[in-house]
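Beneath this line is the structure, given in structure tokens, with notes to follow.
The values are calculated or read from the model by the stated rules, or taken from the named source; none is laboratory data. The structure presented is a predicted model; accordingly, all values stated were derived computationally and were not measured. Virtual Cβ from ideal backbone geometry, glycine too; neighbours counted across all protein chains shown. Protein only, heavy atoms only, side chains kept; ligands, DNA and RNA dropped before computing areas. Shrake-Rupley method; radii C 1.70, N 1.55, O 1.52, S 1.80 Å.
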Amino acid sequence: MENSLYLNYAKQLDHSLRNRQAIEPLKNANLTLEDAYHIQKEGILLRLARGEKITGYKMGLTSQAKQTQMNISTPIFGVLTDQMEIKNKESFSITQFIHPKVEPEIAFILGKDLKGEVTMDQAWSACSGVCAALDIIDSRYIDFKFTLTDVIADNCSAGGYVLGPIKDPATIDLKNLPMDLSVNEVTVKKGNSNAILGNPINSLIMLARLLDAENSFIKAGSIVLSGASTDAIDLKPDLRIKNTAAGLGAVVIVV
Ligand code: OOG
Ligand code: MG
């Protein structure tokens, strides 16, 4: 596909993002995965041109619950920018979004670059921090309906992200950590870290592999969201949303 077409699709999605107006999926375009990541990249370049800075990546569709919810079974990645960051415990307005949902996640902070095919030990030792996180997704497509290539082009539905208190990985074992998503202090989803590819560290390994295929890598300092452990819930006004992961503490947003 021609470069000008990538940019054309990226501009449609960017227009939707900036005007909070959902659009029809790009599904008639017969996009390959490579095309879809090209469109994603053009979209990120538009954001960088507006002064945003890349802060890391998000993996998506890494749990059975999410794959079932969206009816797509291939893990994918998107790019995070500083404009998407929401501080822990902060209250914010959802009017900046189209139809946001929120998901309980675990995130990593990279202390070292991570590149190519890596073992669990190598991935883990590249991390300088780990935390409970919330991923706010906001598809640019009408009714959150899309194909695999549509959602890749749409930067993995990235909307906002929130990080809980950062813990030292040396003190944490990520295997089998119970997770609890509550709304106004009532549990609405129970998850477990092992729902994320068996162990969220596998998300990091997969991201390094996916980036390597495009001659890229995870840079030191990057934040990496590993994907939701449960399906997403709608984000509505007057809600206090909390994700508590055993051993990692809690991350909260107030809408
Ligand atoms: C795609 C993004 C999925 C996750 O954690 O699985 C995602 C979507 O469901 O809109 O962020
Ligand atoms: Mg997510």
- Query: What percent do you get for the relative contact order of the chain when only Cα pairs under 8 Å and 6+ apart count?
  - Reply: 28 percent
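What fraction, in whole percent, of alpha-carbon pairs in the stretch 15-57 exceed 14 Å separation? Provide the component values of the computation, followed by the final result.
Numbers: 569 of 903 pairs.
Result for the distance tail: 63 percent.
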- Which residue, chosen from Leu148, Ile23, Pro178, occupies the Cα position most advanced towards the positive end of the dipole of the chain, where the dipole is computed from +1 (Lys, Arg) and -1 (Asp, Glu) charges on Cβ about the Cα centre? Pro178
- Task: Work out from phi, with θ = phi - 60° and the Karplus expression 6.51 cos²θ - 1.76 cosθ + 1.60, the ³J(HN,Hα) of each residue of the stretch 45-53, listed in order in whole Hz, and give x for Gly and Pro.
- Result: 4, 4, 5, 5, 5, 8, x, 6, 10
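Quick check on the chain: helices-only [θ] at 222 nm, where DSSP H runs of length 4 and up contribute -39,500 (n - 2.57) each and the sum goes over total residues. Nearest 500, please.
Working: 6 runs with 65 residues, N = 255.
Helices in the chain give a 222 nm mean residue ellipticity of -7500 deg cm²/dmol.
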- Heavy-atom SASA rank of Phe77, Phe217 (probe 1.4 Å, accessible area, largest first): Phe217, Phe77
- Give me the lysines in straight-line cross-link reach of Lys189: C-alpha distance below 29 Å, same-chain residues under 8 apart excluded. Lys58, Lys66, Lys87, Lys89, Lys101, Lys145, Lys167, Lys175, Lys236, Lys242
- Would you mind working out the magnitude of the charge dipole of the chain relative to its Cα centre, with +1 at each Lys and Arg C-beta and -1 at each Asp and Glu C-beta, to the nearest 20 Debye? 400 debye
- Message: Output needed: percent of Cα pairs per 10 Å distance bin for the stretch 14-143, bins running from 0 to the one holding the longest distance.
- Response: 9, 35, 41, 14, 1
- When the scattering of the stretch 156-246 is computed by the Debye formula from its Cα atoms alone, each counted once and equally, what is log10 I(q)/I(0) at q = 0.14, 0.16, 0.17 Å⁻¹? -0.61, -0.79, -0.89
- Query: Taking the stretch 77-112, which trypsin sites (Lys or Arg not before Pro) meet the DSSP loop condition and have no more than 13 other C-beta atoms within 10 Å?
  - Reply: Lys87
- Query: How much accessible surface area, in Å² rounded to 10, belongs to the heavy atoms of Ile137 with a 1.4 Å probe?
  - Reply: 10 Å²
- Message: Given axes a ≥ b ≥ c from the Cα gyration tensor, I'd like to know whether the stretch 32-87 is rounded (a/c under 1.5), prolate (a/b larger than b/c) or oblate.
- Response: oblate
- Task: Report, ordered by chain and residue number, the aspartates and glutamates lying within cross-link reach of Lys190, taken as a straight Cα distance under 13 Å and ignoring same-chain residues fewer than 8 apart.
- Result: Glu103, Glu105, Asp180, Asp231
- Query: Using the Cα gyration tensor of the stretch 83-173, with a ≥ b ≥ c the square roots of its eigenvalues, what is the shape: rounded (a/c below 1.5), prolate (a/b larger than b/c) or oblate (neither)?
  - Reply: oblate
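What fraction of the Cα pairs in the stretch 3-254, stated in percent, has a spacing above 29 angstrom?
Working: 7254 of 31626 pairs.
Of all Cα-Cα distances in the stretch 3-254, 23 percent exceed 29 Å.
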- Query: What figure in square angstrom, to the nearest 10, would you give for the accessible area of Ile54 with a 1.4 Å probe?
  - Reply: 90 Å²
- Note on the structure: Ignoring ligands and nucleic acids, Tyr57 exposes an accessible area, probe 1.4 Å, in Å² to the nearest 10, of 20 Å²
